[in-house]
1. Given I405, I398, I378, which one is touching a His at 6+ places or on another chain (Cβ under 6 Å) and closer than 16 Å to G249 by Cα?
2. Please work out which one of (1) surrounded by fewer than 20 Cβ atoms within 10 Å (Cβ to Cβ); (2) without any contact (Cβ under 8 Å) to a residue 60 or more places away in the chain is the condition K171 fails and give its number.
3. Keeping to region 216-232, report how many residues are within 12 Å of the ligand (Cβ to nearest atom) and β-branched (V, I, T).
4. Is one or more of the residues making up region 325-333 part of a loop (DSSP other than H, G, I, E, B) and either within 16 Å of the ligand (Cβ to nearest atom) or over 20 Å from the mean Cα position of the chain (by Cα) (or both)?
5. When you go through K235, K194 one by one, which is the residue that is modelled with pLDDT under 95, within 15 Å of I174 (Cβ to Cβ) and either buried (at least 18 other Cβ atoms within 10 Å of the Cβ) or within 14 Å of the ligand (Cβ to nearest atom) (or both)?
6. Pairs under 8 Å by beta carbon, first residue farther than 18 Å from Y140 by Cα in region 279-302, partner more than 16 Å from the ligand (Cβ to nearest atom) and among the acidic types (D, E), six or more apart or different chains?
7. Of the conditions (1) out of contact with any Asp or Glu (no Cβ under 9 Å at 6 or more places or on another chain); (2) β-branched (V, I, T); (3) buried (at least 22 other Cβ atoms within 10 Å of the Cβ), I337 fails just one. Which one is it?
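The values are calculated or read from the model by the stated rules, or taken from the named source; none is laboratory data. The shown structure was predicted, so the numbers you read here are calculated from the model rather than taken from an experiment. No Cβ is skipped: glycine too gets one built from the backbone with ideal geometry, and neighbour counts run over all protein chains shown.
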Amino acid sequence: MIMELQWLLLEKDILNIKKKKMKILILGGGGREHAMGKKLLEDDHSIHLYFYPGNGGTSIIGRNIENHYTVLDLGFFAKKNAIDITIVGSEFFLLEGVVDIFQNLGLKIVGPHYLAAKLEGNRIFAKSFMEKYGIRTPKYNIFSCYEKAINFLKKNTNSIAIKTNGIAAGKGVILSHNQNDAIKALKNIMIEKKFGKSGNQIIIEEFLQGKEASIISIFNGKNIIPFLSAKDYKKIGENETGLNTGGMGAIVPNPYITNSIWIDFKKNILEPTLKGLIMEKLTFFGFLYFGLMITYNKVYLLEYNTRIGDPEAQTLFPLMKSNFLNLIQSSFQHQEISIDWKKLCSCCVVLSSRGYPEKYESGKIIEGVNSLKEPFYIAGAEIKQKKWITSSGRVLNIVGIGNTIQEARKKAYEKVQTIQFENLYFRRDIGL
Ligand code: GLY
């Protein structure tokens, strides 16, 4: 009788463990975080999602934390609510040291600690790392003195990229094709402090003409496991014209990443990066993004990001066959992982508020969201009185999937036709 009772209790315990919902907190409030959340739920409906700050889309699939929190507050929140795993979407949190804080509180978190996040947050640190480990990158010079930078420019007539040392919310890169523009840009950054302290030190980098590519990967502290390649469309205008944005669209895979470029990338960028990370004790468990330029059959590393890209995430997750949470959990346990992908292509078009990335209006009613076919992701939109309303520059991410990029792009643009809001703007050349 006692034995039977013990068995019954044991069975109840096992059932309770099975029933225990995983609680996952995702940090960020864009389309990338909505895409991550949707993928996690697609793989396992029982997961309980929290987002900070989240958006209208994430409020449907999980709970948005509405208080205004510092990263330390978020740590206490995660502790109090027994969050099992936190995934950092936006670099903002990484550069506030969220990983170190969470780890000190004994919490599991996916992302680099503060020192490793400097690979994204401090361009001079990243370039020095690349140089030290022989990672192929455009030539560069560093300046903290305006006069010295001007003298350098006066002797240099080539096209250049001027980059602030800090990332300046993604805005601190200015391409210049003539001396006058370069001098004007330098004055804006170093004298007028248009990008604040980020411009106290700058990099003047050789400008490379070519095709851009993004390769995002999981780094488990021992290996770097790349995702499919992606191509991001960074400029606001068609044919890559106008101001830089967070990204106006993306395709996967990137057609310029041929077999030979992939081999070149592994040999001259990925492998020396891995060696450098281990030698410098910059190992972490999180994502590493290689921002690349392909030119004359050689690939160069322009920058690292220490997170998944946006809108690359929205383009990649619909093609991921593997269970995303299993990949994360296996990496935490230092198990080897391999990622399975659907043999399809994907195209994401970003719908934005006209005027972005500068001044734009919000609060516009969006028609058509409720009848949109998956996959699509909410970026800057919220629900007010049962209506979808624009709340940011990048509003909605519409994704098409197909056997070819052409097919994927056609499907994405067909879906775009079903959405309307005042001042809607999008690029018509994504995937062309
Ligand atoms: N799409 C580029 C980025 O996420 O930084």
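1. Every option except I378 fails the conditions.
2. (2)
3. Qualifying residue count for the region: 1.
4. Yes, the conditions are met somewhere in region 325-333.
5. K235
6. What qualifies is N297/D264.
7. So I337 meets the others, but not (3).
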